[in-house]
Amino acid sequence: MIGRQDRWQEDLFVAGPLRDLVPDDHILKRVHKVLDLSWLREEVRDSYCEENGRPSIDPESAVRLMLAGFFEGIVHDRKLMRQARVNLAIRWFAGYRLDEKLPDHSSLTRIRQRWGPRRFRKIFQKTVQVCALAGLVDLGTVHVDATLIRADVSWESLAAHHAETVLTENVEGPDDSPGSGPKPPKARKISRTDPDATMTTNRKDQRLEPSYKQHTAVDDASGVIVDVEVTTGEASEGKQLQEQLARVEETTGKRVETVTADASYAHAANYAALEARKTTAVIPPQKVPRRKTRMPLSRFKYDRRHDLVRCPAGKRLQRSSRGKKGGWYRARVKDCRGCRLRERCLSPAVQVRQVLIVDGYPALLRARRKRLRWDDETYGMYVRHRWRVEGVHGVAKTQHGLRRAARRGLWNVRIQSYLTAAVMNLKRLAALFCALWVRSRRRRRRTGNVLTHQDIFPSRLIDMPTLLRHAA
């Protein structure tokens, strides 16, 4: 017999709590068991007036609304609040009853403006610390990489802008050699609606786009994001490596033993700094450019002890000046005038050869020699770097809306990046404790003493060690 459902019957009362209407395997219900924001009220207390004004939105509820949106891939406040009106899981996760009015979407904007990116970064750092407490972070190997985030601007907003400091920034010329003269000022495009976004690209066969750059560090053990930072698109990722490692160690309280990165981080200064801090670098050096008309730098031998360079003909090149990247070493005119390799080493218009030895050049040479002796374990570690950190970027862009900036301004993009990274860490943390709960249920079932869901999942993160002891 065909049944019939009365679709126009409205219930005045709901029998049971709102929690029972949310499935137990829903991601927000799992994350609720491992999320603790009880510290947030004291953290943001100085941003509010204690004596007058209307009561604001509860800080924890506001953050929970934002996090719920990122879990669903909703990055815009208007769409989030429309979804929260009909989504019972979001309403329950944020702590609002069925008959309780939800805040306006503009309230979330004002909260971001009032708190600033520093407090949202602390929310992300708390997730890293909790993951470390749960054993998901060991910093044995950290994978570092950068990705571009398309700015929320249109092509019509771009305008040509002549940088006022072009002449002063390029006094030493394109090759960093003294006396080469300044460059003529050239125009660069900026966005009138979002001046913080800069034109950049990650491939030579793609056009430049107004973008931001996210620098990410991922732990190899379980893929937890241990650090994330956003800069303008034109910032060099290689120059961010040392600061990023320092932030990772400060957040986790552990020392990074091995770092993997691509050739964009293969700077001589990075190799030297990693050697000084006794951190193994799995970073393939960039290929040495080969010039048919000029003797390459690889043919010159650098003597660090005596601070000089020997050319292929055995002549000495003494330090002559200091550049932005290192020291310039210059040969004597009489040595180059009668040299048998002059035609291969110098052009007819040049009388003497000079070479640039960048800072940390000996460490770069050692890295090149080590690259030739990479074993299967080291190469496998670099392969893991590719799918570990690039996979994190892929998930953030496809599932959590990080492909394009939701709002304008560097501080806004940083908040979006921090919340996205926090959401991804909470997902891994919830998956861990769900696995521990299942394992504990099976183990206790064999002994006849079955723990309940509330016994396994603590309500606050401070009880996490208890859960680990149950699953041990």
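The values are calculated or read from the model by the stated rules, or taken from the named source; none is laboratory data. On a predicted model such as this, the values are computed, not experimentally measured, just so you know. Here the Cβ positions follow ideal geometry from the backbone for every residue, glycine too, while neighbour counts run over all protein chains shown.
So here's what we get for this one:
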{"quantity": "Residue check for Gln129: part of a helix (DSSP H, G or I), without any contact (Cβ under 8 Å) to a residue 24 or more places away in the chain and out of contact with any Lys or Arg (no Cβ under 7 Å at 6 or more places or on another chain)", "calculated": "no"}
{"quantity": "Checklist (1) within 27 Å of Cys434 (Cα to Cα); (2) among the charged types (D, E, K, R); (3) without any contact (Cβ under 8 Å) to a residue 40 or more places away in the chain applied to Lys101, failing item", "calculated": "(1)"}
{"quantity": "Residue that is under 28 Å from Arg255 (Cβ atoms) and out of contact with any Phe, Trp or Tyr (no Cβ under 6 Å at 6 or more places or on another chain), where the choices are Gln286, Gln318, Gln351", "calculated": "Gln286"}
{"quantity": "Out of Ala421, Ala430, sole residue that is in contact with a strand residue (DSSP E or B) (Cβ under 9 Å, 6 or more places away or on another chain), closer than 23 Å to Phe70 by Cβ and small (Gly, Ala, Ser)", "calculated": "Ala421"}
{"quantity": "Number of the exception - Val392 against (1) outside the structural domain of Leu274 (by TED's automatic domain parsing); (2) aliphatic (A, V, I, L, M); (3) within 30 Å of Asn425 (Cα to Cα)", "calculated": "(1)"}
{"quantity": "Yes/no for Arg121 being charged (D, E, K, R), modelled with pLDDT of 90 or more, surrounded by 14 or more Cβ atoms within 10 Å (Cβ to Cβ) and in contact with a strand residue (DSSP E or B) (Cβ under 6 Å, 6 or more places away or on another chain)", "calculated": "no"}
{"quantity": "Which listed residue is among the charged types (D, E, K, R), buried (at least 17 other Cβ atoms within 10 Å of the Cβ) and at pLDDT 90 or above, from Arg64, Arg41, Arg78, Arg82", "calculated": "Arg64"}
{"quantity": "Matching residues, the stretch 297-306, being assigned to a loop (DSSP other than H, G, I, E, B) and farther than 26 Å from Lys239 by Cα", "calculated": "Phe300, Arg305, His306"}
{"quantity": "Residue in the stretch 68-90 that is nearest to Asp104 (Cα to Cα), counting only those that are in a helix (DSSP H, G or I) and small (Gly, Ala, Ser)", "calculated": "Ala84"}
{"quantity": "Residue match in the stretch 251-259 (condition: surrounded by 17 or more Cβ atoms within 10 Å (Cβ to Cβ), in a strand (DSSP E or B) and modelled with pLDDT of 90 or more)", "calculated": "yes"}
{"quantity": "Test: residue in the stretch 403-422 that is among the small types (Gly, Ala, Ser), surrounded by 16 or more Cβ atoms within 10 Å (Cβ to Cβ) and within 15 Å of Ser222 (Cα to Cα)", "calculated": "yes"}
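For every residue, the table says whether it meets (1) under 27 Å from Glu209 (Cβ atoms); (2) in contact with a Pro (Cβ under 7 Å, 6 or more places away or on another chain); (3) among the acidic types (Asp, Glu).
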position	(1), (2), (3)
Lys239	yes, no, no
Arg255	no, no, no
Ser264	yes, no, no
Val288	no, yes, no
Met295	no, yes, no
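Conditions (1) surrounded by 15 or more Cβ atoms within 10 Å (Cβ to Cβ); (2) free of Cβ contacts under 8 Å to residues at least 40 places away in the same chain; (3) in a loop (DSSP other than H, G, I, E, B); (4) of a type in the set (A, V, I, L, M, F, W, C), marked per residue:
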| residue | (1), (2), (3), (4) |
| --- | --- |
| Asp194 | yes, no, yes, no |
| Asp205 | no, yes, yes, no |
| Ser222 | yes, no, yes, no |
| Val248 | yes, no, no, yes |
| Tyr271 | yes, no, no, no |
